[in-house]
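Note sheet for the following structure.
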């Protein structure tokens, strides 16, 4: 997709209402613990990935950290951690801090760390919100950068550098990869 086409689509792109933004209630998707990690990987082939809902009740009952979610993803998608953080374009040192978060009180930033990891995991719209929530963040329709990320997810654009180019084109600066 060229930049002009991207701009035109972003001008008309509308997000669904998120229940959580209307009050203090949790979003509708939060109540659905079964199959939260849907593999909606149209056109993307991962070893062992299927386009079906996967029951993850045990995961949500037992784990609560970002690293636990990442390990769970890597196991299900048969992806190596090193491959994941390289695809996310985050330094090994940052990933190491995430790995040892319970011991070091490290809090990764939304941009670029959490968003880049979510893109590298090729999470769907609902799954990104769950991952963001675990990290203490969320994607909002009222924030331009978040709208660009959600647009890219809904259109199957998961390459961090390409999403970063769209961010630069739409908001005027890169948010994911430092120059």
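The values are calculated or read from the model by the stated rules, or taken from the named source; none is laboratory data. Please read all numbers here as calculations on a predicted model, not as lab measurements. Cβ sites come from the backbone with ideal geometry, for glycine too, and all protein chains shown count toward neighbours.
Among the residues making up the range 101-122, a single one is part of a loop (DSSP other than H, G, I, E, B) and over 15 Å from residue 67 (Cα atoms): 122.
For the range 116-125, does any single residue satisfy the condition of being farther than 30 Å from residue 7 by Cα and either surrounded by 20 or more Cβ atoms within 10 Å (Cβ to Cβ) or out of contact with any helix residue (DSSP H, G or I) (no Cβ under 9 Å at 6 or more places or on another chain) (or both)? There is no residue in the range 116-125 that is farther than 30 Å from residue 7 by Cα and either surrounded by 20 or more Cβ atoms within 10 Å (Cβ to Cβ) or out of contact with any helix residue (DSSP H, G or I) (no Cβ under 9 Å at 6 or more places or on another chain) (or both). Checking each residue in the range 130-164 for being without any contact (Cβ under 8 Å) to a residue 40 or more places away in the chain, over 17 Å from residue 176 (Cα atoms) and assigned to a helix (DSSP H, G or I) picks out only 154.
When each of 56, 72 is tested for being in contact with a helix residue (DSSP H, G or I) (Cβ under 8 Å, 6 or more places away or on another chain), modelled with pLDDT of 70 or more and more than 13 Å from residue 120 (Cα to Cα), the lone residue that passes is 72. Take residue 98 and tell me if it is in a helix (DSSP H, G or I), surrounded by 14 or more Cβ atoms within 10 Å (Cβ to Cβ), free of Cβ contacts under 8 Å to residues at least 60 places away in the same chain and at negative phi. It is true that residue 98 is in a helix (DSSP H, G or I), surrounded by 14 or more Cβ atoms within 10 Å (Cβ to Cβ), free of Cβ contacts under 8 Å to residues at least 60 places away in the same chain and at negative phi.
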